[in-house]
Amino acid sequence: MKTITLTFFILLFASGSLLAQETEHFHGSEFCAHGKQMRPDIDISTLRGPNSPRHTFDVLNYELDMDIYHCYTDPYPKSFSANSIVTFRVDTLLSEIKLNAVNTSLQINSVGLAGISFTHAQDTLTIQLDGNYHVGEIVDVSIDYNHLDVTDNAFNVGNGFVFTDCEPQGARKWFPCYDQPSDKATLTLRAKVPSNVKLGSNGRLADSVTTSDTTWYTWISRDPIATYLMVISSRVNYNLEIVNWITSGTNDTLPIRFYYNPGENPANMMQMIIPLADYFYSIFGEHPFEKDGFATLSPLFQWGGMENQSLTSLCQGCWYSSLIAHEFAHQWFGDMITCATWADLWLNESFATFSEALWIGEVSGQQAYKSQLNSNASYYLSQNPGWPLSNPQWAFSPPPNTTLFNYAITYMKSSCVLHQYRYVVGDSLFFNSIYEYANDTANFRYKSATTGDFIAKMSEVTGQDLEWFFNQWVYEPNHPVYNNTYSFEDLGNNTWNVHFQANQVQTNAPFFTMPLELKIRFQGAPDTTVRVMNDANNQAFTLSFNNRPVGLTFDPDNNILLKQASTVVANDYQPVTPLNFFTIEPNPAKEKFVAQFSLKETSLVSFRINELNGRVIHETAEVQYSPGDHSKLLNIKNIPAGTYIVSLRSGKSISNKKLIVIN
């Protein structure tokens, strides 16, 4: 074993050159998706049917003792003997517990401690306890079992390798467990192996004791782990090097272990990992675990990566920067905060895929970040299978892996949704909300999250009700198709109106509410970009300017990534509006101003004051006005000095004026 300590003199340009050299490779997200899709599907009739375990308890710790010594030599048997102690807290009065244990993989020999007898049928291990246990009591049961000499794609053996691969529900094939992502537990894993084997697992290496031709490894995780993230990665004559990352905030040393096959060279990734860790630390907070690591496996791990907690699995030779960035981000999002159910899986993969783009932007610039996300959106738009990011039924009946890990939806679309969230709330609120989510020790850190939990946290931190945004992008399929029109109106006296009508014409999805950016080009004056809130279909906006407009671009920076759009001039366009005119005085204003307007017909009228990024900071109730001239006094005493947009809304028509507030 060789230990290397790298410090901050490793420059980001080195990482940038690595990215440039890997353009022929797939994105890290694509490795991740394809690898998971290729895993065998689960027979959900036994996992989610009447025999599924009821969660009347909360597992606190798994203690596994495994003798896998003979698995490393020809003929490489997949059988092993083991003993497990499951420690759980009682949540409902009970006299038995039910664990997941696949019959075709596991043979249960006996139970002990608080367990007095058992039955093992239909992939469920039912353990009778030695009495009735009450809420809050802590109970231990022991299980003596064997793994059979079968291929189950969870416990993998061959050519000197032994490794596990569990997502979504493979842990139950190599140890009895309550195999749901929301029930996280700590882990102690002891394994007996030949002395020429290196074996990695979750948490820290407590000890490795070698006697003659045998080594006993003991790995202990202080932090709770979802069962699908528990791992063994081992082989004969593994190479191992360790990079010690000294965190800039606390000066703590975090070892990052690199297990690799003979003939491989992870040196580039060992150089990249320090800048990558520093960057994720700066935006997500402290690395959550006491160590981290990566292990390349055999061809039995067919393609991709798997973000096992504190020890990521990689395909053979797959030392690629995009894959490392993707899986490393999972340590925060997926491992530290885990999807509560498989209906919430997008929370894991959106952050990992989006973080790939963030890292590319950090190394190669903002345009590279945007190019990556544009590429993600293009893939989604061309390959969209037409289902939502999350289907609540998946929590109870997980779909096939080709659906659950669909690349266009679970990875590409989800990453674009996070960028669109960033666009809606702005950079400051976006990064603050993500940081607060990752560092919420009361609710999320080392715990699990549902989609609803995540939406509530984003709303809390930003001070905005964001259900409208996430509900449409997460729970609805497909995307908006815009067919917009605009025209220019010369009012004389060097005053012009820009009329814009936002139309969505999709038939396979509902209307999508979104702030829209419009870039307007002027004759002899700089371009200007305005943001309007489009919350109804066929909505008309009128914008007034003192310069002659000569062109309009819809969503000029393509921040609404998930869309199809056309925007054309309509020379005969007549805005559908009951409004004759709209002015605000005084402007600049202090404490109050008067909106004056004239209506052609009876209409419901309301006013909004928006920040330039579209955020609504004041809104009046709708009031019905008759035809004619009207005025409305608006109090702005509590609004900070700055520039705002005042919108008069009448029916589906919106007219906007710029307002300057002074102290």
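If the segment from W468 to T507 were pulled out straight at 0.36 nm per residue, it would be longer than the present Cα-Cα gap by 12.1 nm. Net charge in the neighbourhood of K632 (other residues with Cβ under 14 Å of its Cβ; Lys, Arg +1, Asp, Glu -1) is 0. Here the chain is treated as a sphere whose radius is the Kirkwood value from Cα pairs; by Stokes-Einstein at 10 °C and 1.306 mPa s it diffuses with a coefficient of 58 µm²/s. Amide H to amide H, with H built 1.01 Å from N, Q539 comes under 5 Å of A502, counting only residues 5 or more places away or on other chains.
Peptides 314-324, 623-633, 598-608 ordered by packing proxy, namely the average of other Cβ atoms within 10 Å per residue, highest first: 314-324, 598-608, 623-633.
Here the label points at I662 and D149, each 7 Å from Cα along the C-beta direction, are separated by 9.0 nm in the simple model. Sorting T507, T164, T338 by the number of Cβ atoms found within 10 Å of their own Cβ, with the fewest placed first, yields T507, T164, T338.
Here is what passes the span test in the chain: the DSSP H helices with alpha carbon length of 24 Å or more along the helix axis and a Kyte-Doolittle mean of -1.0 or above are 267-284, 345-364.
With 0.36 nm allotted per residue and the present C-alpha distance subtracted, the S212-D140 stretch has 22.5 nm of extension available. With θ taken as phi - 60° and the Karplus curve 6.51 cos²θ - 1.76 cosθ + 1.60 applied, the whole-hertz 3J(HN,Hα) list for the range 70-81 is 7, 6, 9, 10, 4, x, 6, x, 9, 8, 7, 10 Hz, x standing for glycine and proline. Over the chain, Cα pairs under 8 Å with separation of 6+ residues give a relative contact order of 10 percent. Kirkwood's formula applied to the C-alpha pairs of the range 48-232 gives a hydrodynamic radius of 16.7 angstrom.
Phi angles across the range 240-252 convert, under the Karplus curve 6.51 cos²θ - 1.76 cosθ + 1.60 with θ = phi - 60°, into 3J(HN,Hα) values of 9, 10, 10, 9, 9, 8, 9, 5, 6, x, 10, 6, 6 Hz, Gly and Pro given as x. Taking a point 7 Å out from the Cα of Q564 in the direction of its Cβ, the residues of the range 492-509 whose backbone N falls within less than 13 Å of it are 505-509. D by Stokes-Einstein for the range 481-568, Kirkwood Rh over Cα pairs, 10 °C, 1.306 mPa s: 117 µm²/s.
Here the extension length gained between K637 and E601 equals 9.8 nm, from 0.36 nm per residue of separation less the Cα-Cα distance.
No value in this document is a laboratory result; all are computed from the given coordinates. In this text the structure is predicted, and so the values were computed from the model without any measurement. Positions of Cβ are backbone-derived with ideal geometry, glycine not excepted, and every protein chain shown enters the neighbour counts.
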